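Encoded as structure tokens, the structure appears first; notes follow it.
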Amino acid sequence: TAQTHHGYARNLLAELIEGVWKPVGHHNFLFVVDPATSLWVGRPSEELVKFVAELHDGKDNCKRSSDYKAIAEHAISLARDEKFFDEAPVGVACPGGFYQIAGSEITLVPLTPDHRQRVMLEVTPAHQATPMFDAFLHDTFMSDHEGEEDQQCQLMQEIAGAIMLGIMPKYQKAALFYEPFGRAGKG
């Protein structure tokens, strides 16, 4: 390791490699793979400062708190890739794996770091009847025109799904749920 801030930052990044997955700098965090969950976990600057001190304290150019902080921030900037998580596959990480849509089917595949997921839901999805939700949709979108209710319900579900998966901005569309009669659903 070169006895410079750059050398120490590169060493820090090398220490945090998990398998073939290198750390990624994103929004002032350094994300590393948790091998137990396959999730990308953000390590804040304060945690990295402590790790730098543990690795290199007392070496040339690494003797003060300001050195530790500068090295940690430099490591984040060296690994910066602000598009890394934006280009992640679309789906949901759950304890049973990674749920994604392939064609018109929901598929389940083992979760890997290649899915670039940072959050895991604590529930496993299961197909089940939703009578109250179906009744809500019917009350909200009932129409005298044949097929209009089904189209409205399908569109609303697509919008809600896109919002939940975080992909709505990719379509550059906005949705406004407006009810002029005051039935806001709080009852």
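Some values worked out for this structure:
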read-out: Signed unit charges on C-beta, dipole axis of the stretch 58-187, positive-most listed residue 171, 72, 109; value: 72
read-out: Relative contact order [Cα under 8 Å, 6+ residues apart], the chain, whole percent; value: 17 percent
read-out: 10 Å Cβ shell holding at most 11 others, DSSP loop, chymotrypsin sites (Phe, Trp or Tyr not before Pro): longest site-free stretch of the chain; value: 1-176
read-out: Beta bridges per DSSP with both ends in the chain, % antiparallel, nearest 5; value: 95 percent
read-out: Amide H contacts of residue 43 (H built 1.01 Å from N, under 5 Å, at least 5 apart or other chain); value: 30, 31, 32
read-out: Cross-link pairs 22/69; 50/83; 59/83; 50/173; 22/170 - those with Cα-Cα distance over 32 Å; value: 59/83; 50/173
read-out: Inter-site label distance for residue 118 and residue 90 at 7 Å from Cα along Cβ, in nm; value: 1.9 nm
read-out: Value at 222 nm in deg cm²/dmol, rounded to 500, when DSSP H runs of n ≥ 4 in the chain each add -39,500 (n - 2.57); value: -11000 deg cm²/dmol
read-out: Sparse-neighbour loop sites [GluC sites (Glu not before Pro); the stretch 97-187; at most 11 other C-beta within 10 Å; DSSP]; value: 122, 146
read-out: Candidates 52, 24, 109: whichever shows maximal mean-square fluctuation once the chain is modelled as a Gaussian network with Cα springs under 10 Å; value: 109
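Only the coordinates and a few stated rules stand behind these numbers; no lab work does. All values reported here derive from a predicted model rather than from experimental measurement. For neighbour counting, all protein chains shown are included, and Cβ atoms are generated from backbone atoms with ideal geometry for every residue, glycine included.
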